[in-house]
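Since the structure comes first, as structure tokens, the remarks are kept for the end.
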């Protein structure tokens with residue numbers, strides 16, 4: 001038995017197992033890194049969508065206010081109040 005532990009075959013098996021273990025650990029670490037990057041990407045997406053949701057909620061609450069309606073009528077529909085003077089910049 002002592003001869004087996006001293007033999008080259010035993011040393012070769014131990015070195016092979018160590019190399020195999022290092023390869024497995026390396027592969028697992030690269031997968032974990034890619035999963036962490038993917039997790040960060042999705043967390044960023046969630047935070048962006050939550051911000052967008054908050055903006056839409058604020059716009060929804062504001063949509064029936066007279067100021068909002070007037071702004072939309074002026075900007076998008078080119079409507080103005082009666083007896084209001086409109087000046088157009090001809091240089092544009």
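The values are calculated or read from the model by the stated rules, or taken from the named source; none is laboratory data. As the structure is a computational prediction, the values presented were derived from the model and not from experiment. Cβ: placed from backbone, ideal geometry, glycine included. Neighbour counts: every protein chain shown.
Observations, loosely collected:
- Of the residues 51, 67, the single one that is farther than 30 Å from residue 79 by Cβ and part of a helix (DSSP H, G or I) is 51.
- Filter result for residue 59 (at pLDDT below 95, exposed (fewer than 10 other Cβ atoms within 10 Å of the Cβ), out of contact with any strand residue (DSSP E or B) (no Cβ under 8 Å at 6 or more places or on another chain) and assigned to a helix (DSSP H, G or I)): no
- Residue in the range 2-25 that is part of a loop (DSSP other than H, G, I, E, B), surrounded by 10 or more Cβ atoms within 10 Å (Cβ to Cβ) and free of Cβ contacts under 8 Å to residues at least 60 places away in the same chain present: yes
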